[in-house]
1. Do you know which residues across the stretch 63-122 are touching a Cys at 6+ places or on another chain (Cβ under 9 Å) and among the polar types (S, T, N, Q)?
2. Which residues, counting only those in the stretch 55-67, are farther than 16 Å from LEU28 by Cβ and in contact (Cβ under 8 Å) with a residue 24 or more places away in the chain?
3. Out of ARG105, ARG132, ARG56, report the one residue that is of a type in the set (D, E, K, R), at pLDDT 95 or above and farther than 20 Å from LEU5 by Cα.
4. Condition (residue is part of a strand (DSSP E or B), touching a Lys or Arg at 6+ places or on another chain (Cβ under 9 Å) and open to solvent by less than 60 Å² (accessible area, probe 1.4 Å)) applied to the stretch 9-16: is it met by at least one residue?
5. Can you work out which of the residues in the stretch 111-127 that are in contact (Cβ under 8 Å) with a residue 24 or more places away in the chain and over 16 Å from the mean Cα position of the chain (by Cα) is least open to solvent (accessible area, probe 1.4 Å)?
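The values are calculated or read from the model by the stated rules, or taken from the named source; none is laboratory data. Treat the numbers as computed from the prediction; the structure is a model and nothing was measured. For neighbour counting, all protein chains shown are included, and Cβ atoms are generated from backbone atoms with ideal geometry for every residue, glycine included. For accessibility, only protein heavy atoms count, side chains too; no ligands or nucleic acids. Shrake-Rupley method; radii C 1.70, N 1.55, O 1.52, S 1.80 Å.
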Amino acid sequence: MKFDLAFERVYPHSLEAVWRALTDPAALGQWLMETNFVPEEDQAFQMWCQNASGSRHRYLCRVLTLEPLSRMLWSWMLDGRQSEDETYVEFILEQVADGTRLSVRHHGDSGPSIVDAFNSGWPHKLDLLAARLAHP
């Protein structure tokens with residue numbers, strides 16, 4: 001099933017602070033998932049999370065585009081599902097009067113239960129990002 005999800009938040013923090021929270025592996029681990037992320041184009045990285053039942057999942061990702069302080073694009077695939085198409089996550093930052101607008105777009109082709117998980121998961125993750133920014 002093709003999907004295209006979009007989320008937007010304005011954080012009362014500088015562009016630099018939000019960018020740092022998106023590109024620092026320790027910060028990502030606090031609001032998104034544990035990761036070995038390296039902020040370089042064409043860099044492969046992994047993310048790990050534990051679901052409610054205690055199962056640990058690994059995501060295989062790659063930085064496709066990195067435009068400091070403005071845009072980043074990742075490929076994103078659950079390990080073990082390499083036979084399915086990759087999905088893509090794009091982060092776009094824009095300085096606004098109240099701080100920084102972050103737009104997150106997750107799109108690709110995946111099963112309905114995965115799309116539902118993305119659709120409910122991103123708002124929660126963006127709330128965690130707000131908490132991380134408030135208490136660095």
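1. SER75
2. Passing the criteria: LEU64, THR65.
3. On the way: ARG105 fails: farther than 20 Å from LEU5 by Cα; ARG56 fails: at pLDDT 95 or above.
Of the residues listed, the single one that is of a type in the set (D, E, K, R), at pLDDT 95 or above and farther than 20 Å from LEU5 by Cα is ARG132.
4. Step one: of the stretch 9-16, the residues part of a strand (DSSP E or B) are 9-11.
Okay, now just the ones that are also touching a Lys or Arg at 6+ places or on another chain (Cβ under 9 Å), so 9-11.
Okay, now just the ones that are also open to solvent by less than 60 Å² (accessible area, probe 1.4 Å), so 11.
Checked the stretch 9-16: at least one residue is part of a strand (DSSP E or B), touching a Lys or Arg at 6+ places or on another chain (Cβ under 9 Å) and open to solvent by less than 60 Å² (accessible area, probe 1.4 Å).
5. So in the stretch 111-127, the residues in contact (Cβ under 8 Å) with a residue 24 or more places away in the chain come out as 111-112, 114-115, 118-119, 122-123, 125-126.
When the remaining residues are screened for being over 16 Å from the mean Cα position of the chain (by Cα), the result is 111-112.
On the way: GLY111: 28, PRO112: 81 Å².
Ranking the qualifying residues of the stretch 111-127, first place goes to GLY111.
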